[in-house]
Amino acid sequence: QVQLVESGGGSVQAGESLRLSCAASGFTFSLDAMGWFRQTPGKEREIVAAVSRTDGATYYGDSVPDRFTISRDNAKNSVYLQMNNLKPEDTAAYYCQRLRSYYDRSAMGYGYWGQGTQVTVFS
């Protein structure tokens with residue numbers, strides 16, 4: 001079965017950095033694009049970033065700043081989100097996902113999500 005285990009979040013001051021990690025299992029990791037999503041209370045879950053299966057291409061959501069970078073390590077079945085110079089508006093629960101398509105940015109229709117990792121930024 002598919003498992004996605006996020007880690008690396010926490011409560012940090014504005015200006016600090018975090019690196020989120022997602023350990024994946026239950027599927028052939030290298031054959032799928034991977035993504036990060038985030039959600040805050042009262043808002044829909046939205047795409048943060050996506051990376052192609054070979055790490056040769058990436059994209060980011062419209063509201064995602066240049067301070068964020070997605071990457072993957074197929075040898076470790078892991079995908080990462082580097083978050084630099086964090087700001088209070090970055091506060092959210094962050095989730096990784098095995099994407100049905102690199103080009104599909106919707107969070108709808110996935111039958112499984114991991115537990116997520118909470119990022120809280122205070123000033």
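The values are calculated or read from the model by the stated rules, or taken from the named source; none is laboratory data. What you see is a predicted model, and the numbers here were worked out from it, not measured in a lab. In this analysis, Cβ positions are derived from the backbone assuming ideal geometry, glycine residues included, and neighbour counts consider all displayed protein chains. Note: accessible area is taken over every heavy atom of the protein model, side chains too, but ligands, DNA and RNA are not part of it. Shrake-Rupley method; radii C 1.70, N 1.55, O 1.52, S 1.80 Å.
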Worksheet item: What distance in nm separates the simple spin-label points at Thr120 and Asp66, each placed 7 Å from Cα in the Cβ direction?
Response: 3.2
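Quick check: net charge around Tyr80, other residues with Cβ under 10 Å of its Cβ, Lys/Arg +1 and Asp/Glu -1?
+2
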Worksheet item: What is the magnitude of the charge dipole of region 13-62 about its Cα centre, with +1 placed on the Cβ of each Lys and Arg, -1 on the Cβ of each Asp and Glu, and no other charges, expressed in debye to the nearest 20?
Response: 100
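Tell me, in nm to one decimal, what length is gained between Tyr110 and Tyr59 on full extension, where the rule is 0.36 nm per residue of separation less the Cα-Cα distance?
Numbers: separation 51, 0.36 × 51 = 18.36 nm, distance 1.96 nm.
Extra length from Tyr110 to Tyr59 when fully extended: 16.4 nm.
Quick check for me: using +1 on Lys/Arg Cβ and -1 on Asp/Glu Cβ, what's the dipole size of the chain about its Cα centre, in debye to the nearest 20?
On the way: 12 positive and 12 negative charges, 40 e Å.
It comes to approximately 200 debye.
Using r as the Cβ-Cβ distance of Ser17 and Ser101, and R0 as 22 Å, what FRET efficiency do you calculate, to the nearest 0.05? Please list the in-between numbers first.
Values: r = 30 Å, r/R0 = 1.36.
Using R0 = 22 Å, I get an efficiency of 0.15.
Ignoring ligands, DNA and RNA, what percent of the 1.4 Å accessible area of the chain is carbon and sulfur?
Numbers: 2910 of 6270 Å².
C and S atoms contribute 47 percent here.
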Fill in: Label point 7 Å beyond Cα of Asn85 along Cβ direction - residues of region 41-75 with amide nitrogen under 14 Å
65-69
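With every protein chain left in place, what is the accessible area per residue of the chain in square angstrom, probe 1.4 Å?
Numbers: 6270 Å² over 123 residues.
Ligands and nucleic acids excluded, the result is 51 Å² per residue.
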Fill in: For region 1-56 and region 74-106, distance of Cα centres in Å
3
Response to the item:
If unit charges are put on Cβ atoms (+1 for Lys and Arg, -1 for Asp and Glu) and the dipole of the chain is taken about its Cα centre, the option from Gln115, Pro41, Gln82 lying farthest towards the positive end turns out to be Gln115
Worksheet, complete the sentence: In whole Hz, the Karplus estimates of ³J(HN,Hα) for region 105-121 (6.51, -1.76, 1.60; θ = phi - 60°; x where Gly or Pro) are 9, 7, 8, 7, x, 8, x, 9, 9, x, 6, x, 9, 7, 10, 10, 10
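For the peptides 39-48, 94-103, what is the packing order when you average, over each peptide's residues, the other Cβ atoms within 10 Å and list the highest mean first?
Numbers: 39-48: 14.0, 94-103: 18.8.
The most tightly packed comes first, giving 94-103, 39-48.
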